[in-house]
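The values are calculated or read from the model by the stated rules, or taken from the named source; none is laboratory data. As the structure is a computational prediction, the values presented were derived from the model and not from experiment. Note: ideal-geometry Cβ built from the backbone for every residue, glycine included; neighbour counts use all protein chains shown. Please note that ligands, DNA and RNA were not included when accessible areas were found on the heavy atoms of the full protein model with its side chains. Shrake-Rupley method; radii C 1.70, N 1.55, O 1.52, S 1.80 Å.
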Amino acid sequence: MHQDITPLCAADIQDQLKKRFAYLSGGRGQDGSPVITFPDYPAFSDVPDKEFQNVMTYLTSIPSLQDAGIGFILVIDRRQDKWTSVKASILRIAASFPANLQLVLVLRPTGFFQRALSDLAFKFNRDDLKMKVPVIMLSSVPELHGYIDKSQLTEDLGGTLDYCHTRWLCHRTAIESFALMVKQTAQMLQSFGTELAETELPNDVQSTSSVLCAHTEKKDKAKEDMRLALDEGQSILENIREPLAKSGEQSLNQDELDNQTTVQRLLAQLNETEAAFDEFWAKHQQKLQQCLQLRHFEQDFREVKSSLDALAQKIATFTDVGNSLAHAEHLLKDLASFEEKSSASVKRAHTLSLEGEKLIDTKHYAVDSIRPKCHELQYLCDQFAAEVERRRGLLSKSLELHGLLEASMKWCDEGIYLLASQPVDKCQSQDGAEAALQEIEKFLETGAENKIQELNKIYQDYESILTKDLMEHVQKVFQKQEGMEEMFHRRQASLKKLAAKQMRPVQPVAPRPEALTKSPCPSPGSRRGSENSSEGSTLRRGPYRRAKSEVSESRQGRSSSTGHEEESLAVLRRHVMNELLDTERVYVEELLCVLEGYAAELDNPLMAHLMSPGLQNKKDILFGNMEEIYHFHNRIFLRELEEYTDCPELVGRCFLERMEEFQIYEKYCQNKPRSESLWRQCSDCPFFQECQRKLDHKLSLDSYLLKPVQRITKYQLLLKEMLKYSKSCEGAEDLQEALSSILGILKAVNDSMHLIAITGYDGNLSDLGKLLMQGSFSVWTDHKKGHSKVKDLARFKPMQRHLFLHEKAVLFCKKREENGEGYEKAPSYSYKQSLNMAAVGITENVKGDVRKFEIWYNAREEVYIVQAPTAEVKAAWVSEIRKVLTSQLQACREASQHRTLEQSQSLPLPTPPSTSPSKGTTRNIKKLEERKTDPLSLEGYMSPSSLPKPPEKGRGWSKTSHPLEAPEDNDGWSSAEELMNSSDAEEEGRVGPRKLVPGKYTVVVDDEKGSPEALAVRNGDMVEVVQEGDEGLWYVRNLTSSKESWVPASSLSALLGMSGSTQCLSSSESSAGSTLLSASSSCSESCGVPLSDLQG
């Protein structure tokens, strides 16, 4: 019975086929009929009708139409079954078989009873089993061989046909899958070809590149699919032929031969499709690639032309020829740097022109568009190169001219200093005059190489660069040169007269000290000459100028050393020196890399589109003064370090010579928080990523911005190492000094980072002098004035304050921690109070705690008890404050001594005839000098001007500091410690009467008997104590009545109110014999201006 069933695939009914209740072994009948075998399957009756129908339909669809048309032979093996099952199987097959049948062969049951039953039943049920084809009941396998040859039957039916159901199923599944793959590949290639043919060529690079990329990806995928399909087909073909490969005697059955033919046909079809597609793709790809080349050329041309136009505009702005030698060098270097940076654009233009020529040579379809652009690029490059050469020539002339002017100015400055530094007293003798004359003549001989010879020739040779300002500069230099030469000629004439005749003895008068240290010429050259030629500078710089000779001496010393230890130390020193040089070179290269790869690119218009708006015009913030640091290390410091390669123990001198230049790191570190903040805002900017990619840096920019901070800290480590191996060498002291100086710079940098965090201070912090120390303390206040409750509260409630000690003031600030990362996490300081050091005193020891000390102000009107974190911190602060107060006292004494010296010669004689002003002056000078040089034995100190000023209009001190605010509840913790009473500290700070010193005073009592009648002073008069004479007399001038006289010291002390107890400048722990230092407000007037004036 035939039914039209939808074709199935093995993969769809794989589970049903695996049951093997029927299979197509590949055997054929005598007439070529396909044989379908129904093996012994006990559960045959349990197979669902749908599964049975699917399997029958699939098995009958496999043979060719020609073989299937002959009809199928069914072999039903029921030898192990019962007759009832045989009958049911025959009836089911007859009802559901979908194809033509030729013959049905049934191997009936072999049991005696079942065989007899089957014979009987078959006769009685022949009509029920009536089919269109004959049904033959066979009793044994040999009978089966009479109908079908043994070679066409499987082994279970006594045949020799090699059949594996699993292998058959695998082959069928693979062949059908391969056929489907070939079909889908062909459809895909057809669709893809249609898409390629209908694609229009884009007008820009990005679109063209996208189309080409998309098409290429699709092509590659199609090719990959074809490759996979071919591989799959070859694999199936090899599996089908596997039996032949194992044994040459075996052959393929008809079904296997049909499978082989099918796979070969599919492979051939796939190869033909691939070849056709490759040919089509080659034409399409060439078309797209030529379009992309053209679009790239057009885009590059627009960019290069824009770049060359920008370069032409930039070179047109290079009109300045420089106003000094350094400026001209800088301009020339800028031009070279500009040319180097622009070389990339020029090179790109040349390269693009060559690319255009290549496109023309390859017969590109757009030749008429490419050739004019190539010519235009060549013209622009030639024009730019010519302009750069013209500018270089002008700047070279400017550099040459400024070199002449600088040499002339330097020569003039050195000459002027030579004249100023010749000692006048030595020139009074004939030998001295001749020596000075020889110095002058020798110096004038150097003028041939250094001075300007003819002014008109200068105008003629440098006409092309002489601007109005430059011409005026030339004239001024020439006038200065002529003036200096005239001074020399006058000095020559005077010295010749002194050398020609014997002069009478003359009392030599030494010039004022400052006259020898200052050059009469204010130019920078004279300043350099003064520094290099002065006596103090000679003592300081002399060793460095002898570096080369000492290097040779050091070499000889090392070569003569035979000690093993010294040789080992020398090797270690060379190792440290090599590390210093190697790391210095790497450091310089890294700085240059950052400046060229990042900083310079910020000004590159081609990179502007990658920058975020927050990065515009922020180069100075991001990089600080890194360029200044680079120039110092590259031009100066690295070269000087290399001179000490063979004598590393002397390298400390190199650091000392350039210690001032290292101050540039302070500026860089102060800017670092702003740089860090900007980096965090813009670190994701594509500009930085592109720069990092071009530089091939593994680390981002922020790592390189940290290099200067790391480098300045590295020096002290290297110096420590060098000092460790050079303790017995000549340069050990210089190494130690260099190490101390570098550590000082690091401390200054650290202090400055705290200093810039101060907020709320109205004045200029630089007016307060150098920052000496800074740190956090607990502070109590104990003032004479103020509300009693506030005073009581202040005794027990400490405030946490950060103190900044300057040369002229001490600042009290409140530390406030900030949230953030990196440098933004650093604290800030709110300004609270400042004390003028001119009115400050200290008490070193406070009862109850060795960490406490007092800072008091205005004769203890304000007292601040300061508790340091440790006793060592306290000792350091007390020592530093002592130095400040001592220096102020010393300055006051020197000023008083100088004023006394000036006035001593004009003073009249005192009343007693036995004394004379000259003797008194001499002795007074000696006393002042002794007092100046005696070491101070104070534990507590106070500036001379810290004592109360003279009353003004009947009032006391007119300017007092504002006390610190009352302690806040959130300012810290409350101390349970009982502070010492301020009155106790005051009593301990009082000892005998103050000594008189020259200055201005206010009379505080009426004169009854003490002063001479000629003086006649009254309460309130202003007097000037001028000088101390013999026998306890002081020369006093009444500024109110303009009268003068000698007055006994006892009477003068009574008039001035200085005989009783007064404020003590020593600490509460000082002994009764401690030296007492006191002065009136006149000391502050003579020593310097008040802090308010400095801040104003």
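Values as computed for the structure displayed
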item	result
Residues satisfying the stated conditions in region 740-785, i.e. among the small types (Gly, Ala, Ser) and under 22 Å from residue 882 (Cβ atoms)	740, 744, 748, 769, 775, 776, 778
In region 1022-1045, the residues that are at pLDDT 80 or above, open to solvent by less than 20 Å² (accessible area, probe 1.4 Å) and of a type outside the set (A, V, I, L, M)	1027, 1034, 1035, 1038, 1045
Among the residues listed as 286, 290, the single one being at pLDDT below 85 and touching a Phe, Trp or Tyr at 6+ places or on another chain (Cβ under 8 Å)	290
Close pairs (7 angstrom Cβ cut-off, 6 or more residues apart or separate chains): within 7 Å of residue 779 (Cα to Cα) and open to solvent by less than 10 Å² (accessible area, probe 1.4 Å) in region 797-810, among the aromatic types (Phe, Trp, Tyr) and modelled with pLDDT of 90 or more anywhere	798/780; 801/777; 801/812
Unique residue being at pLDDT below 90, basic (Lys, Arg) and in contact with an Asp or Glu (Cβ under 9 Å, 6 or more places away or on another chain) when the list is 558, 545, 540	558
Flag for residue 638 being of a type in the set (A, V, I, L, M) and either farther than 27 Å from residue 753 by Cα or open to solvent by 10 Å² or more (accessible area, probe 1.4 Å) (or both)	yes
Those residues of region 429-459 which are open to solvent by 50 Å² or more (accessible area, probe 1.4 Å), under 23 Å from residue 474 (Cα atoms) and in a loop (DSSP other than H, G, I, E, B), in sequence order	446, 451, 453, 454
Residue match in region 157-179 (condition: acidic (Asp, Glu) and crowded, with 16+ Cβ neighbours inside 10 Å)	yes
Hits in region 853-871 (condition: acidic (Asp, Glu) and either closer than 10 Å to residue 842 by Cβ or buried (at least 24 other Cβ atoms within 10 Å of the Cβ) (or both))	854, 862
Test for residue 353: is it over 30 Å from residue 462 (Cβ atoms) and among the polar types (S, T, N, Q)	yes
Within region 313-428, helices (runs of 4 or more DSSP H) holding 3 or more residues that are open to solvent by less than 30 Å² (accessible area, probe 1.4 Å)	325-361, 367-421
Residue 883 being modelled with pLDDT of 85 or more, open to solvent by 60 Å² or more (accessible area, probe 1.4 Å) and in contact with a Pro (Cβ under 6 Å, 6 or more places away or on another chain)	no
